[in-house]
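Shown next, in structure tokens, is the structure this report addresses.
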Amino acid sequence: MLHTCAMMFIFSMAFLSLYILAKTKLNIIISILLSIFGSFFIILALFNFDLKGYFDEVSGVISYFKFELIYPIFFGLFSILIAYILASRIKPQIYRSLFHTIMGVILALFLVIGGSVVLIAITGILIVLSFAEYVRIKENSALSEFVKNLLAPAFREGEAKGYLSGFFYLTGVFLIVLFLPEKIALTSLLILAFSDPAATIIGKRFGKTKWRTNPEKSVEGSLAMFSVSLIILFLAHLSYDLEVGILTLFFVAIAITITEALPLKIGDNILIPVLAGIGIMSGVGKVTPDIWFLLLILLGVLIYLFKMLNLLGTIVAMFFGLIVILSSTPQFLIGLIDFLALGFLISRFKYREKEKIGAAEANRAKRGINPVIANGIIPTFSALLYTVDPKLSILLFSGAISAALADVFATEIGVLDKSPLLLFKLKLKRVKPGTRGAISLYGEFGALVGSLIMGILLFILFSDHRLLFISILAGFFGCNTDSLIGSCLSTITKSEINIFATMLGALFTLIFY
């Protein structure tokens, strides 16, 4: 069915592209007809112009669904009609919440029929929504007025000239249906359909106590989110036995409530269903590679939304994570995640003070592609060796990741020292804070703390007490060798120095082991 979804998507994109080109010269009816014909021709080309093969696949899809799609489609059309009638009669916030709930119920009906059905349904809805959004933004016709009247109340601030959060909503649903078992996907979808709108409606109507971290959200709204999520989880557990403990259900409800309360704008429509599904799966004890891949997507969204990395940096980090998932064990991925989170937090430590002396990371510590590659390439390569020699892979990974974190801690804490020293021509001299290759008491303390923290985490992850001491030594010595290289070689870049530090950390692990 993924092949069918791909064909539908290609057809729609071809149709929209051809329509945009044709309507500049022709009227709407002829433009639509020519676009349909052209799109059909493109799809036929993908079948090597085999009409029989094309019609066999179309008839196969139709025979598979038979009359099962009639009820969800009828319900969807009926809901659109009701939405159009209510558009100018209820408050925009209520309309938007109702819009999301109805969409969730429609998709839930498709999911009850079968996962393949809902994937095709989401693809179809995305196609319709894409065309509607183009008409709304670019055209000035009776059709565009109808679309504007239908969708305008569902806009959030800033969406009038952009795109509806429905795209992100559908993306979240697509991910859980694609990767999760049907019952767990259905539960996650119902949480998205009912809990999030409940939080919004209760928060707007009764919200008096605002969260300091996000004044747009309220404690009352979060309580509604938690309550409705917990009810759905309990009902799902009673209806088809989710095979999880009651305590797990509470933790899942708390996790998605915290996620909803964060200032993530439209990102929560992806995060809520994915996080709910992963939480349930972890409680079941069936966290397969597919689930780790889904978690990787979730982490990528979080990393970008919290501005830990820019877009290119996030893509490369996810690529490294994918390699680690496919070649080693989850412990390696968790180690990389720990490094990224701790590095970001220490970079934000006393950030304003660092800014005043010109030693702060640019863009509020949002790093780009170069630091990601420099700090991640050696740990990722070490994880690749797991299939060849697991023990060697763990040792190399531990040394590399410890040296990387020790270096970040040494740099971010060391710049706060007002009297750092630099080794120049075998002599130590005073330099200004932030000078490349400089060492300081604060920096040495930071390197020790960074390698100690990573050593403790690696000991917990791999259940090997020797890694605690080896990681501390390898991280500390790797970091200081990094400083020595930086002070002696003026032509070498910061990224190259970081690569050397992780390589030396890995080598020191073998020496100390």
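The values are calculated or read from the model by the stated rules, or taken from the named source; none is laboratory data. Everything numeric in this text was worked out from a predicted model, so none of it was measured. A quick note on method: Cβ atoms are made from the backbone with ideal geometry, for glycine too, and the neighbour counts reach across all protein chains shown.
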Would you say ASN375 is over 19 Å from LEU333 (Cβ atoms) and either assigned to a loop (DSSP other than H, G, I, E, B) or touching a residue at least 40 places away in the same chain (Cβ under 8 Å) (or both)? no
Near pairs, Cβ below 9 angstrom, 6+ apart or cross-chain, from the stretch 241-253 (hydroxyl-bearing (Ser, Thr, Tyr)) to any residue that is assigned to a loop (DSSP other than H, G, I, E, B): THR248/LEU242
Going through the stretch 354-376 in order, the residues found to be surrounded by 17 or more Cβ atoms within 10 Å (Cβ to Cβ), under 21 Å from the mean Cα position of the chain (by Cα) and modelled with pLDDT of 75 or more are ARG367, ILE369, PRO371, VAL372, ILE373, ASN375, GLY376
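Okay, residues lined up against (1) assigned by TED's automatic domain parsing to the domain that holds ILE337; (2) over 14 Å from LEU405 (Cβ atoms); (3) modelled with pLDDT under 85; (4) in a loop (DSSP other than H, G, I, E, B):
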residue: LEU452; (1), (2), (3), (4): yes, no, no, no
residue: ILE456; (1), (2), (3), (4): yes, no, no, no
residue: ILE460; (1), (2), (3), (4): yes, yes, no, no
residue: ARG466; (1), (2), (3), (4): yes, yes, yes, no
residue: PHE476; (1), (2), (3), (4): yes, no, yes, no
residue: ASP482; (1), (2), (3), (4): yes, no, yes, no
residue: ILE485; (1), (2), (3), (4): yes, yes, yes, no
residue: SER490; (1), (2), (3), (4): yes, yes, yes, yes
Among the listed residues SER79, SER39, SER31, identify the single one that is in contact with a Lys or Arg (Cβ under 7 Å, 6 or more places away or on another chain) and either under 30 Å from SER97 (Cα atoms) or modelled with pLDDT of 65 or more (or both). SER31
Determine which member of the set ILE346, ILE334 is of a type in the set (A, V, I, L, M, F, W, C), touching a residue at least 40 places away in the same chain (Cβ under 8 Å), part of a helix (DSSP H, G or I) and out of contact with any Leu (no Cβ under 8 Å at 6 or more places or on another chain). ILE346
Test THR259 against the stated conditions and say whether it is surrounded by fewer than 24 Cβ atoms within 10 Å (Cβ to Cβ) and in the same structural domain as LEU294 (by TED's automatic domain parsing). yes
Does the stretch 341-353 contain any residue that is modelled with pLDDT under 90 and buried (at least 23 other Cβ atoms within 10 Å of the Cβ)? yes
